[in-house]
Amino acid sequence: MPITQVIDAPLDEEREAITAAAEALRNGEVVAIPTETVYGLAADAFDEVALAKVFEVKERPTLDPLIVHIGIKKDLNSVATIPDDIREVVKELTTEFWPGPLTLVLPRNPAIPDLVTSGLDTVAVRMPNHSVMKAICKEVGPLAAPSANRFGRISPTSASAVLDELEGRIPLIIDGGACHNGVESTIIHVEAGEKRPQFRLLRAGPVTKEELQKFGKVIKSGRVTDEKLAAPGQLPSHYSPETKFVLVEDIKNFVFEDGVKYGLLAYKGNAKEGYVDAHEWDAVEILSPGKGKLTEAAVRLFYSMRQLDASGVDVIVAEPVSETGIGVAIMDRLRRAAAEKD
């Protein structure tokens, strides 16, 4: 099996890792790189051979478009063609939220390969807020980078999680520590609208609906099909552990079967919520012990799912969280993880 090298990128001592990643990317390789959301599997956004490797490594269908990451705002023009009727609101959004976990779906620049956009006339683009990813983008240029895991599986928020998923499949992982946000970026399709700009919410994430409403009208995207995905992370079944995963809205109505090992993905871990004391669980992971903080729960979500997936239980039971703020994104991931697979 090919060897996957892991290079540490400690804060203020990142140059060696950045240089190694940039060299590999220029040579047409794919590299796992940290962002503030999850680890991404990066390739030069204009190198079709390298882009094909991304899909091969992830076992990802080419109908699922990729997000392009940029290190400087002027690179947006090499990725997207921004019409005059949304130019001002795009400027406002990028001023407010970039660098950060907001992805904009915009008309594509014709130079962007079809593999990035899945043949659509739009492209998804963001500027990440992670020193390593930003520095590599500045050196190499725009990078297409979906999450660094096998397609449909739990997104990785640490270098060790990437290694578990892709060891032997990729040559290099840059270890920049744990991701700060823990869930993927918010994705919006920016449109002109009749009276004010309109944002079609394609994926919930760290940038909330309430924050976006200051700049335009936010509307929920309709259900998508496998034949037409406007952005990554839209398939009904996604972010899934290998273990059976169920989201239980009311634990009192859940029927436990004899001889089955159950694990619990709890929110606060409080007995009064009814989940922790509902069963003698074989494994328990708590997203935000005590009072419960949604931001902490988001950071721990994918890590905790991976821990339970590796615990040997037969079924993972997930407790819901409040659908406010980033809780909307957490519930989106839980519902997709629990969705029936085709």
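The numbers here are math on the coordinates, done by the rules we state, and not lab data. Not measured: the values here are computed from a predicted model. Backbone-built Cβ (ideal geometry, glycine too); neighbour counts: all protein chains shown.
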Fill in: Principal axes of region 26-82: Cα extent on each, largest first, Å
31, 24, 24
Worksheet item: Among 137, 65, 107, which residue has its Cα positioned farthest towards the positive end of the charge dipole of region 60-166, with +1 placed on the Cβ of Lys and Arg, -1 on the Cβ of Asp and Glu, and the dipole taken about the Cα centre?
Response: 137
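Based on DSSP H runs of at least 4 residues, each adding -39500 (n - 2.57), what is the mean residue ellipticity at 222 nm of the chain after dividing by all its residues, to the nearest 500 deg cm²/dmol?
Working: 10 runs with 95 residues, N = 342.
The per-residue figure over the chain is -8000 deg cm²/dmol.
Residues with beta-carbon under 12 Å from that of residue 198, excluding residue 198: net charge, scoring Lys, Arg +1 and Asp, Glu -1? Can you show the working numbers first?
Numbers: positive: 195, 196, 200, 217, 220; negative: 85, 191, 194.
Residues near residue 198 contribute +2 overall.
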Worksheet, complete the sentence: Rg from C-alpha atoms of the chain, normalised by the globular rule of thumb 2.2 N^0.38 Å, equals 0.98
Fill in: Reachable lysines from residue 217, criterion Cα separation under 21 angstrom, eight or more residues apart if same chain
91, 195, 209
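Just to be sure I understand: of the beta bridges DSSP finds with both ends in the chain, what percent are antiparallel, rounded to 5? Present the calculation step by step, with values, prior to reporting the outcome.
Values: 19 of 49 bridges.
In the chain, approximately 40 percent of DSSP beta bridges are antiparallel ones.
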Fill in: Nearby aspartates and glutamates by direct alpha-carbon distance to residue 214 (threshold 12 angstrom, same-chain neighbours under 8 apart not counted)
92, 96
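Treating the beta-carbon of each Lys and Arg as +1 and of each Asp and Glu as -1, no other charges, what is the dipole magnitude of region 244-338 about its Cα centre, to the nearest 20 debye? Write out the running numbers ahead of the final one.
On the way: 12 positive and 15 negative charges, 86 e Å.
That gives a dipole near 420 debye.
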Worksheet entry | Quarter of the Cα convex hull surface for region 244-338, i.e. its orientation-mean projected area (nm²) | 5.5
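Please identify the helices of the chain, taking whole runs of DSSP H, that span at least 27 Å along their own axis as judged from the Cα atoms and have a mean Kyte-Doolittle score of 0.0 or higher.
On the way: long enough: none.
Span-like helices, by this rule, are absent here.
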Worksheet item: How large is the Kirkwood hydrodynamic radius of region 1-154, in angstrom, based on all distinct alpha carbon pairs?
Response: 15.7
Worksheet item: With point charges of +1 on the Cβ of Lys and Arg and -1 on the Cβ of Asp and Glu, referenced to the Cα centre of the chain, which listed residue (22, 245, 185) lies farthest in the positive direction of the dipole?
Response: 185
